[in-house]
Each structure stands twice: as C-alpha cells, then as structure tokens.
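**Student:** I'd like to ask some things about the structure below.
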Amino acid sequence: MRAAIRSVLTQQGDFTVECIVVDGGSTDGTLDILESFGDRIRWISERDEGQSDAINKGFRMASGKVFGWLNGDDLLAPGAIQGVVDEFRQFPEVRWLYGKVMIIGGHGREIRRPITAYKNLRMRTFSYRRLLVENWISQMGVFWRRSAYEEVGALRTDLHLAMDYDLWLRLGERWPGHFVDACLAAFRWLPSSKSGRQFEREFAEALSVARRHAAGRYRREIALHRLCAARIVLAYRLLRLISLRRSPSKRHLPKGPPSPL
C-alpha cells in the first residue's frame with residue numbers, strides 16, 4: 001500500500017491530487033502506514049460491505065473533477081495524471097479514457113508481456129460490441145469525469161470481481177472510451193491476489209455482467225464472450241503451471257513521463 005500511495009503523491013504537474021484511502025478496518029499495521037503520510041492523504045478505516053462499497057465511499061468523499069481508483073498493490077506510472085489531465089483538456093467532449101497498463105510481479109518487474117501486448121492491441125480503437133465480447137481494459141488505467149460518474153451511478157455492490165467491467169459497459173453505452181497511447185499504471189499480479197486466486201469466478205461474473213447489458217441483444221457477442229472466456233481461463237491455468245524458476249523480466253515502470261499524448 002505504501003508504494004501505491006507514493007505513486008499517487010509523487011505525481012507532478014498543473015493539477016491538484018486528492019488521495020483518499022478507504023480501509024476496511026485492518027488490524028495488520030495498515031493504519032500506521034496511513035498515519036505516516038500525515039495530511040497528504042485523507043483516509044477512513046471501518047467495516048464495509050466489500051470492495052465495491054469501499055470504493056463508492058471514496059468517491060462520495062471526493063471533490064475532484066476526474067475520478068479513478070488504485071488498488072493497494074498497484075502503481076501509477078510517473079507522469080500518468082498529467083497525461084490524463086492533458087487529454088481531458090484537449091478533448092472536452094471525452095467523458096472517460098483508458099491507457100496501457102503493465103503487469104508486474106511481487107518483485108516489481110514486468111511479467112506476462114503477451115497478455116499486455118494483446119490488451120494493448122485490442123484497446124487502440126474503442127468498440128462497445130468488442131467490449132461485450134471481452135474486457136480488454138485494465139481498471140487502474142481508467143479515468144472518467146465526475147459528471148459521467150454522476151450520470152451512470154456508483155459501482156454495483158453485489159459484484160465483487162467484475163464491478164469495473166460493469167462500469168466500463170455503463171460508460172461505453174453512453175460515450176465511446178478514449179484511448180491514451182501511454183503506460184498509465186502497473187497492475188501487480190500475485191498468486192494470492194483476488195485475480196490470482198479467483199480468475200475463474202471473475203470470468204464467470206464478467207459473463208453475467210455482459211449478458212445483463214446485452215439484455216437479449218448482441219447474441220453473437222455474448223456467444224463470443226463465452227468462447228473468449230474459456231480460452232483465457234485455459235491460458236491462465238497454463239500460466240499457473242509455468243515454472244517459477246524462469247528468469248523474471250528486468251523491465252520496470254518507465255522513469256520518465258508517459259509517451260507523448
């Protein structure tokens with residue numbers, strides 16, 4: 001969590017960052033970490049009804065014009081927020097945007113490059129129909145205007161693994177997503193994380209979300225979604241079996257700002 005918060009607070013540019021941390025009542029030393037940042041962050045620690053409920057609390061506390069969220073193990077890339085701000089200023093009609101996200105392991109080095117390359121290829125041109133087929137948008141690389149959030153509503157608290165996908169579909173039904181050709185964040189994949197332990201449940205929940213949004217329409221897309229989910233689950237099972245003795249990649253998050261926007 002400390003690294004995630006620092007990746008937000010060290011963002012520099014002509015904007016103001018409001019960093020809000022919502023903790024579910026941890027007793028493992030998390031509060032000491034939060035208190036160490038003093039008044040540079042706002043935080044609450046109390047029981048919640050799950051991750052979606054906690055994130056919604058944070059958004060209710062927020063006063064900014066642009067929203068996004070970061071999980072405790074993930075990181076923003078240097079210069080990410082300035083890049084996001086510049087895009088929203090340059091394209092006032094854009095209501096939400098997304099960018100590239102690197103996958104890193106517990107050591108902080110890039111892993112699973114083929115998955116990242118595949119997502120980067122899929123995300124270059126937004127298509128609502130393709131988004132119904134599969135979720136190729138990584139949550140920590142997405143930002144949206146406050147006005148868009150107020151229109152589509154909060155995260156569904158009955159979803160625990162695909163609440164971000166549901167939000168993308170709600171946003172995408174109204175406005176096309178805007179692609180930012182830059183690395184905005186890093187997703188830390190760990191075998192013990194929700195994505196690592198529950199990927200099969202995650203894809204099942206995502207299918208139910210897509211079917212709900214399709215509402216009897218887009219039957220071809222939902223059929224393709226089933227096939228894509230089965231293929232990806234198989235790939236993830238194989239990745240889980242790969243020997244951990246393979247040498248990790250030495251590529252890290254970029255030290256400078258993202259690629260020119």
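The values are calculated or read from the model by the stated rules, or taken from the named source; none is laboratory data. Predicted, not measured: the structure shown is a model, and the values here were computed from it. Ideal geometry is used to build each Cβ from the backbone, glycine not excepted, and the neighbour counts take in all protein chains shown.
This table checks each residue for (1) closer than 21 Å to V8 by Cβ; (2) more than 18 Å from the chain's Cα centre (by Cα); (3) without any contact (Cβ under 8 Å) to a residue 24 or more places away in the chain; (4) buried (at least 19 other Cβ atoms within 10 Å of the Cβ).
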site	(1), (2), (3), (4)
G83	yes, no, no, yes
E93	no, yes, yes, no
K100	yes, no, no, yes
E110	yes, no, no, no
L132	no, no, no, yes
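**Student:** Can you confirm whether the stretch 177-198 contains a residue that is more than 29 Å from G79 (Cβ to Cβ), in contact (Cβ under 8 Å) with a residue 60 or more places away in the chain and touching a Ser or Thr at 6+ places or on another chain (Cβ under 9 Å)?
**Tutor:** No, the conditions are met nowhere in the stretch 177-198.
**Student:** Right, next: I'd like the residue in the stretch 1-22 that is among the hydrophobic types (A, V, I, L, M, F, W, C) and surrounded by fewer than 15 Cβ atoms within 10 Å (Cβ to Cβ) and, out of all such residues, is nearest to N71 (Cα to Cα). Working first, answer last.
**Tutor:** Our first condition is that a residue be among the hydrophobic types (A, V, I, L, M, F, W, C); within the stretch 1-22, this holds for 1, 3-5, 8-9, 15, 17, 19-22.
With the extra rule that they be surrounded by fewer than 15 Cβ atoms within 10 Å (Cβ to Cβ), the set shrinks to 3, 9.
Values: A3: 11, L9: 15 Å.
Looking at the filtered set, the residue picked out is A3.
**Student:** Filter the helices (runs of 4 or more DSSP H) completely within the stretch 115-204 down to those with at least 1 residues that are of a type in the set (K, R), at pLDDT 95 or above and out of contact with any Lys or Arg (no Cβ under 9 Å at 6 or more places or on another chain).
**Tutor:** 163-174
**Student:** Kindly provide the set of residues from the stretch 23-49 that are surrounded by 14 or more Cβ atoms within 10 Å (Cβ to Cβ) and either of a type in the set (F, W, Y) or within 25 Å of G83 (Cα to Cα) (or both), ordered by number.
**Tutor:** Within the stretch 23-49, F37, I41, R42, W43 meet the criteria.
**Student:** Also, quick follow-up: Are any residues in the stretch 98-114 farther than 19 Å from G68 by Cα, outside any loop (DSSP other than H, G, I, E, B) and in contact with a strand residue (DSSP E or B) (Cβ under 7 Å, 6 or more places away or on another chain), and if so, which ones?
**Tutor:** Result: I104, E110.
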